[in-house]
Amino acid sequence: MGVDLRQVVAGVLTLTMFVMLGNMIKRDHFDSVEGKFPGVRDVEFDSEKVSDQGLVTFSKKSTNGPWIESGQELKPCWKESTLDEVEPKGFVTLSLTNGPEYHVSQIADAVVVARYIGATLVLPDIRGSKPGDERKFEEIYDVDKFVKSLDGVVKVVKGLPDDVSIRDFAVVKVPNRISDDHIAEQIKPVFKTNSNIRLATFFPSVNMRKTTKTSASDSVACLAMFGTLQLQPEVNEVVDSMIERLRTLSRKSNGQFIAVDLRVEILEKKGCHGSSSAGTKSCFSAQEIAIFLRKMGFDKDTTIYLTQPRWDESLDVLKDIFPKTYTKESIMPADKKAKFLESEDSEFEKVIDFYMCSQSDVFVPAISGLFYANVAGKRIASGKTQILVPSDIPGSSAAVTSHFSPYISKKNHMAHSCYCK
């Protein structure tokens, strides 16, 4: 009996269909999750479009995600300032509060004020959110480098003379990113009367966009914000070891990892369930971040670091999609946990998160605010410009370039006023 060619072809097609069905069953777990959230589609990178914009260069070392090569570290553009030969009179004191994202701005304002009024800056202490939660400056930051960086700009002392009492200081409220006019009108008269002032910074705004208005203090502000605060060696060693651990876990992506600022407690306070009147959101859940990263093209082998202090069950959906998702407790060296992770004070954890997010290959802020803004500033200075701002775009196929932080795409962060190529 001869073989019917049509039967052979039909048999081959049937076998092919079974193979395809088997592959569909073995597809990544995210496909089943994707089916639960309509509108999720992979977004293709338009590399030519990105290159034409001059924003990024895509990494050729990795093929499992839209990784972007870091740019060159920028050079400071601020002018060097020198102190007048007249010995400073009076003192300026302050406490650093609320975490490193605030410390950066508080130091900048204090240095600008002390420079303008001709006072000596007293090394600040660091206070946490709980009463009595205090640390010395040198427990977190490098004192010698701080003092040396301000040499010739502002005189810095580690403490007040014995004959000067902090109780005699006039407390002055200082708006973040203080202007010369405000100092001249509101602070200098108080300093002339009291000779010693204590600053209390408040934040009428948390954005760090650059302005068109310039002042004589701009160079001092740039130096103070970006050139003074460095971690003391032990804290820096912990950060470096955690980064090295993440890079070891990221072999399939050439040692690259994503840092996501996602803290469950803050998300719950902000109520991240809907959009604002402008159609944008100020925060995103773990589920939304997971979907967003998959839309950006990151695959299941991507390594993710979360700023969440301890693991929370609400993060499980993120780990289901990206199994290599970690918090501090799982990657910090065991001999460092007692001091930096298990103490009642969370100041160390905040500092570690800030610098982890500043040095990661990609930064994704799930929460808007000053943490995002000041991490962006440090990343701009170091050339690490891959900051992706999440958003909900149901059914959209928008290019990934639309998710670059405006601080990057529009170059409107004040860091762009302080640094140049």
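Bridging of Lys192 to lysines at a Cα separation below 24 Å is possible for Lys89, Lys155, Lys158, Lys173, once same-chain residues fewer than 8 apart are set aside. Centre-to-centre, using Cα atoms only, the range 292-340 and the range 129-188 are separated by 36 Å. Counting only protein heavy atoms and a 1.4 Å probe, the range 75-227 has 54 square angstrom of accessible area per residue. Charging the Cβ of each Asp and Glu at -1 and of each Lys and Arg at +1, and nothing else, the dipole of the range 299-383 about its Cα centre rounds to 320 debye. Going toward the positive end of the dipole of the range 233-420, with +1 on Lys and Arg Cβ and -1 on Asp and Glu Cβ, which of Ala373, Gln287, His403 do you reach last? Highest projection toward the positive end goes to His403. Please state the shape class of the range 75-227: rounded when a/c is under 1.5, otherwise prolate if a/b exceeds b/c and oblate if not, all from the C-alpha gyration tensor. Here the range 75-227 falls in the rounded category.
Taking a ≥ b ≥ c as the square roots of the eigenvalues of the Cα gyration tensor, the range 142-209 is oblate, since a/c reaches 1.5 or more and a/b is not larger than b/c.
Charge dipole of the range 75-227 (Cα centre as origin; +1 on each Lys and Arg Cβ, -1 on each Asp and Glu Cβ, all else neutral): 460 debye, rounded to the nearest 20. Label the range 233-420 by shape, choosing from rounded, prolate and oblate, from the square roots a ≥ b ≥ c of the eigenvalues of the Cα gyration tensor; if a/c is under 1.5 it is rounded, and otherwise prolate applies when a/b is larger than b/c, oblate when it is not. Cα axes put the range 233-420 in the rounded bin.
Which pairs break 22 Å Cα to Cα here: Lys378/Lys410; Lys252/Lys350; Lys337/Lys378? Mind dumping the intermediate values first?
Numbers: Lys378/Lys410 16 Å; Lys252/Lys350 29 Å; Lys337/Lys378 26 Å.
The answer is Lys252/Lys350; Lys337/Lys378.
Over all Cα atoms in the range 201-244, the spread is summed up by Rg and Dmax: 15.6, 42 Å.
How many percent of the accessible area of the range 300-421 is carbon or sulfur, using a 1.4 Å probe? Display every interim value, and only then the final one.
On the way: 2150 of 4170 Å².
The C+S portion of the solvent-accessible surface of the range 300-421 is 52 percent.
First compute the accessible area of the range 75-227 with a 1.4 Å probe, then give the percent of it belonging to carbon and sulfur atoms. Accessible surface attributable to carbon and sulfur in the range 75-227 totals 47 percent.
The values are calculated or read from the model by the stated rules, or taken from the named source; none is laboratory data. Every value quoted in this text rests on a predicted model; they were computed, and no experiment measured them. Glycine also receives a Cβ, built like all others from the backbone with ideal geometry; neighbour counts cover every protein chain displayed. Calculation scope for accessible area: heavy atoms of the full protein, side chains included, ligands and nucleic acids excluded. Shrake-Rupley method; radii C 1.70, N 1.55, O 1.52, S 1.80 Å.
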